[in-house]
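Novice: This structure is in structure tokens; I'll ask about it shortly.
The values are calculated or read from the model by the stated rules, or taken from the named source; none is laboratory data. Quick caveat: nothing in here was measured; it's all calculated off a predicted structure. Cβ atoms come from the backbone with ideal geometry, glycine included; neighbour counts cover every protein chain shown. Surface areas here come from the heavy atoms of the whole protein model, side chains and all, with no ligands, DNA or RNA. Shrake-Rupley method; radii C 1.70, N 1.55, O 1.52, S 1.80 Å.
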Amino acid sequence: MYKLIMPKEFVGSVLDLTPEKLQALGIKGIITDLDNTLIEWDRALATPEVEQWLKTMKEAGIRVIIASNNAEDRVKKFAEPLELPYIYRARKPLTGAFKEALSTLHLPVNQVLMLGDQMLTDMMGANRMKIYTMLVKPVANSDGFVTKFNRAIEKRVYKYLDKKGIPTWEEQS
Ligand SMILES: [Mg+2]
């Protein structure tokens, strides 16, 4: 059960990821969540830092697609100015959006990374597809309504990991 929602790696922020690090893992494409992964769930547009990060990835030839469970207007408003492909109402952890993303990226499963801030949607869906997973620290301390429920479950997972001595963000870096 826990295995399915555990990331391969915990990272503090997407901004910590460099093309060099991803290339060392053989990664050529990123499927990324939007809310609380790239920006706060209640912020509309990319911050200059996120924009720069996306530009760096693009220049390194790393393709990026957004897969969000949020509504079309939210995801479109963020992605279009950045000219990023996107999937809205992705219904993660169901695998449909991940399959669609892989086909849009034109990359095999083992060359793609999933970035997200939630175990029960982002990590679980990608793990089911055998996509390499990284869990980022949520950008904001608050969440939308549906996410609040998932966070309660995550809290229990962290307690369990702590008990087992499995390191997450705190113990690393
Ligand atoms: Mg999220």
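Novice: With the requirement that a residue be under 17 Å from residue 121 (Cα atoms) and open to solvent by 40 Å² or more (accessible area, probe 1.4 Å), what does segment 59-75 give you? Let's see the steps before the verdict.
Specialist: We begin by selecting, within segment 59-75, every residue under 17 Å from residue 121 (Cα atoms); these are 65-71, 75.
Within segment 59-75, 69, 70 qualify.
Novice: Continuing with this model, one more query. When you scan segment 105-112, do you find a residue that is modelled with pLDDT of 95 or more and closer than 17 Å to residue 39 by Cα, even just one?
Specialist: The answer is no; no qualifying residue exists.
Novice: Moving to a separate point now. Does residue 45 satisfy the condition of being crowded, with 19+ Cβ neighbours inside 10 Å, of a type in the set (A, V, I, L, M) and either free of Cβ contacts under 8 Å to residues at least 12 places away in the same chain or closer than 22 Å to residue 140 by Cα (or both)?
Specialist: Numbers: crowded, with 19+ Cβ neighbours inside 10 Å: no; of a type in the set (A, V, I, L, M): yes; either free of Cβ contacts under 8 Å to residues at least 12 places away in the same chain or closer than 22 Å to residue 140 by Cα (or both): yes.
When the stated conditions are applied, residue 45 does not pass them.
Novice: Does any residue of segment 41-50 turn out to be in a helix (DSSP H, G or I) and within 12 Å of the ligand (Cβ to nearest atom)?
Specialist: Start the filter on segment 41-50 by keeping residues that are in a helix (DSSP H, G or I), which leaves 48-50.
Still in the running and within 12 Å of the ligand (Cβ to nearest atom): none.
No, segment 41-50 has no match at all.
Novice: If you check residue 136 against the conditions, is it under 27 Å from residue 67 (Cα atoms) and modelled with pLDDT of 90 or more?
Specialist: Numbers: under 27 Å from residue 67 (Cα atoms): yes; modelled with pLDDT of 90 or more: yes.
Judged against the criteria, residue 136 is a match.
Novice: Here are some residues: 113, 120, 135. Which one is closer than 18 Å to residue 61 by Cβ and either within 15 Å of the ligand (Cβ to nearest atom) or in contact (Cβ under 8 Å) with a residue 60 or more places away in the chain (or both)?
Specialist: Numbers: 120 fails: closer than 18 Å to residue 61 by Cβ; 135 fails: closer than 18 Å to residue 61 by Cβ.
Residue meeting the stated conditions: 113.
Novice: The conditions are (1) within 16 Å of the ligand (Cβ to nearest atom); (2) farther than 21 Å from residue 89 by Cβ, and residue 32 fails exactly one of them. Which is it?
Specialist: Going through the list (1) within 16 Å of the ligand (Cβ to nearest atom); (2) farther than 21 Å from residue 89 by Cβ, residue 32 breaks only (2).
Novice: Quick one: residue 56 ticks every box in (1) surrounded by 15 or more Cβ atoms within 10 Å (Cβ to Cβ); (2) more than 23 Å from residue 143 (Cβ to Cβ) bar one, so which box is it?
Specialist: Failing condition for residue 56: (1).
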